[in-house]
Amino acid sequence: MTHSIWNILPFRSELNLKNIIWKILNDDFNLAVQQVYQLRTRRLQHLFIHSSSDWQQEGYAFFLEKEGILQRGKKWVKKGEIEKYDPRAHRHTIVSFQQATEDFWHIFISDRKEHIQLRAPLMAYVSPDAFLKNNRIWQAIQKECDWVHCEGTTQKTIPVNTLYKVMKYSPLLTHEKKELQSWLDAINQAELLSVATFRHVLHDIVESSGIENMVVALQNLFCWLWQGGCLLLKREDREQMDWRDGLKKGDTITCNGLSLQIGCELGSEKEKIHDRFKIFELSDFPDYVVKIPNNRFCLFIEREKRKEKQYCGFRLVRHIKKIQKKGCTPVSGFDEGGKLVILEKLQSVFHASPWKSTDFRLCEEDEKLAKILANHLLYLQQARIAPLPLSPNYLFISKKGTITSSRILIKNPANYNKWEKFCVVSSKGNRHVLEFLIRVSKLDRHPIANYYQTAVSSVLKEGKNYLLSLSLPNGHNCPNYDQRAEKLCEAAQKIREECYSRAVSYVRKRRKGYSEGQLLTDVGKRLCEEYLRSPTPGILSTSLAEVAAKSFQQESSSKICNDSKQREKYYDNQFHAIQELEKTYREKERKKE
């Protein structure tokens, strides 16, 4: 249709084609739209008549009122014709119509400059009320096209009646559960089904259901799909990504009808690589930020998860329930379309610059921050939990000095390995901060830390593995601890061999007489001393062999400066300080209650 009209336009002066073009752009096009829309109403009528009484009474009437177009559809289809509904013929007609008209119709409803230029020569031939310019009809038929595409790619009829029961929290029968699971499996296998198309179909189902609170119904539907293992909910939505990637400082976004101007993008380079969320400042609200996901399902799932209140000791970043501009009605900070959410602005715990301390006594700025982290590690041990994901990349400090998580954390059982790794990542290579976190949180006195030390020390000192004779501490029978201990012992054996080889070289250069047995004993002793000074018994330092071997370069009379008593006193004082802070905080909370 598109090319034929453009081809004959140059000859309009020679031929009287005004009536022909008018007929193509108005009468013929309107007739084609009516026939396609008739199929949409027929399918919905067929659906409602064969469904529950609620749907018969509410569904179809609500649907026509919602779309507000082609009301003559009520008279087009008789009950007898509904029984003749042919799904295959319906899909074929919809697909053919979309392929023939989509590009041409898109030119007439788009506001893009190039489209305006393309349609300009034909605007004189289009009537004011032509379907060609009707955006609402375009959207309605697009919904039907998405529906057909979803059923075509999955080769499964959408179980709308059962999904309606899911939205209403109604109990499902056994055959309905199997039907839903079969449909969900088909969705996971349909690689050609896009996130945007699937989202549009779910919105269409909810809209045509007649349920009063559509946002809640959508949440219920999304959460059921998420719990059922729908992989499509986690895939990037190209439509959302294209819009989000095009945003820059000074652009305007809309949240529930309220226009907001965005500022600079926030977040570390590491977070941007994963691209799950983007966060921007809000120019109009300096204390707020806007968070935009990579698909519109993420925020609905997050809002539902917030209700569980299982934040594992971390306060969850607060989302703004009401946001208001002067002279405007306040709106929810959680966009009903799932495109974005408005959150409180927080300062990241881990700044771009590294820790500044160069001594075991941390500088004032580092000490203040490290005490908060050590206090929380102490809480995690007492509560016996290691939340997922436990990463400093998602943690912030609130104005009250409490740790706030930018992500919803999942409760997981206690795990020494994860706590130790958290300390290593948080310290950013600063040994003094690492030791502070481990010692002040008393993680170094954890039973698993002692278990690792006993196993590894025997290998380093004697070259013998006594792991089989050791048993895990009571209440810590996690198979991961055994596996970690085995790997540590294997690594310790290699370190011992490497250190001995280096020590032989140093001893020969100094022409110092050592028997093989004496040297092995001395190597084991020095390795063991160096290892026990390490704050992380479950993570062996890569430089352990080198440091221990280099000590053979010194004269035997020389001794390494030992400030262990000073360190112990410093860490004990810091531990008592955080205990007092915690006590004061709890008393304030009780008074509020």
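The values are calculated or read from the model by the stated rules, or taken from the named source; none is laboratory data. Everything quoted here is computed from the prediction, not taken from an experiment. As a convention, Cβ positions derive from the backbone with ideal geometry for all residues, glycine included, and neighbour counts pool all protein chains shown. All accessible areas refer to the heavy atoms of the entire protein, side chains included, with ligands and DNA or RNA removed. Shrake-Rupley method; radii C 1.70, N 1.55, O 1.52, S 1.80 Å.
The set of residues in region 302-318 being at pLDDT 75 or above and either part of a loop (DSSP other than H, G, I, E, B) or farther than 17 Å from Thr404 by Cα (or both) consists of Val317, Arg318. Residue under question is Glu179, and the condition is that it be assigned to a helix (DSSP H, G or I), in contact with a Pro (Cβ under 7 Å, 6 or more places away or on another chain) and open to solvent by 20 Å² or more (accessible area, probe 1.4 Å); does it hold? The answer is yes for Glu179.
Beta carbons closer than 6 Å, at least 6 apart along the sequence or on distinct chains, pair a first residue in region 544-557 that is closer than 12 Å to Ser505 by Cα with a second that is modelled with pLDDT of 75 or more and open to solvent by 70 Å² or more (accessible area, probe 1.4 Å) for Ala549/Arg502. Residues in region 404-434 that are under 24 Å from Gly475 (Cα atoms) and either among the polar types (S, T, N, Q) or more than 24 Å from the chain's Cα centre (by Cα) (or both): 5 in all. Scanning region 407-429 for residues that are over 15 Å from Asp366 (Cα atoms) and in a loop (DSSP other than H, G, I, E, B) returns Arg407, Ile408, Leu409, Lys411, Asn412, Ala414, Asn415. Put simply, of Leu232, Leu225, Leu247, Leu221 the only residue that is assigned to a loop (DSSP other than H, G, I, E, B), open to solvent by less than 60 Å² (accessible area, probe 1.4 Å) and among the hydrophobic types (A, V, I, L, M, F, W, C) is Leu247. Being surrounded by fewer than 15 Cβ atoms within 10 Å (Cβ to Cβ), in a helix (DSSP H, G or I) and over 15 Å from the mean Cα position of the chain (by Cα) is true of Asp242. The residues on offer are Tyr466, Tyr500, Tyr452, and the sole one that is buried (at least 20 other Cβ atoms within 10 Å of the Cβ) and modelled with pLDDT under 85 is Tyr500.
The set of residues from region 94-137 being more than 26 Å from His149 (Cβ to Cβ), open to solvent by 20 Å² or more (accessible area, probe 1.4 Å) and in contact (Cβ under 8 Å) with a residue 24 or more places away in the chain comprises Pro121, Tyr125. Scoring Ile342 on the criteria (1) open to solvent by 10 Å² or more (accessible area, probe 1.4 Å); (2) more than 29 Å from Val523 (Cα to Cα); (3) among the hydrophobic types (A, V, I, L, M, F, W, C) leaves a single failure, condition (1). Selection of region 144-164 for residues being open to solvent by 50 Å² or more (accessible area, probe 1.4 Å) and either of a type in the set (D, E, K, R) or under 21 Å from Trp105 (Cβ atoms) (or both) yields His149, Lys156. Across region 202-218, the qualifying residues are those that are surrounded by fewer than 19 Cβ atoms within 10 Å (Cβ to Cβ) and at pLDDT below 80, and the one among them that is nearest to Gln142 (Cα to Cα) is Glu207. Within region 378-394, can one find any residue that is open to solvent by less than 10 Å² (accessible area, probe 1.4 Å) and in a loop (DSSP other than H, G, I, E, B)? Yes: one or more hits. Screening His476 on (1) open to solvent by less than 30 Å² (accessible area, probe 1.4 Å); (2) part of a helix (DSSP H, G or I); (3) not small (Gly, Ala, Ser) shows it passes everything except condition (2). Candidates Val201, Val215: the one that is of a type outside the set (S, T, N, Q) and in contact (Cβ under 8 Å) with a residue 60 or more places away in the chain is Val215.
Out of Arg439, Arg407, one residue alone is open to solvent by 20 Å² or more (accessible area, probe 1.4 Å), within 30 Å of Val523 (Cα to Cα) and of a type in the set (Lys, Arg). It is Arg439. Taking the listed residues Ile187, Ile107, the one that is in a helix (DSSP H, G or I) and more than 29 Å from Leu31 (Cα to Cα) is Ile187, with no other qualifying. The residue that is modelled with the lowest pLDDT, among those in region 272-295 that are within 17 Å of Asp251 (Cβ to Cβ) and part of a loop (DSSP other than H, G, I, E, B), is Asp284.
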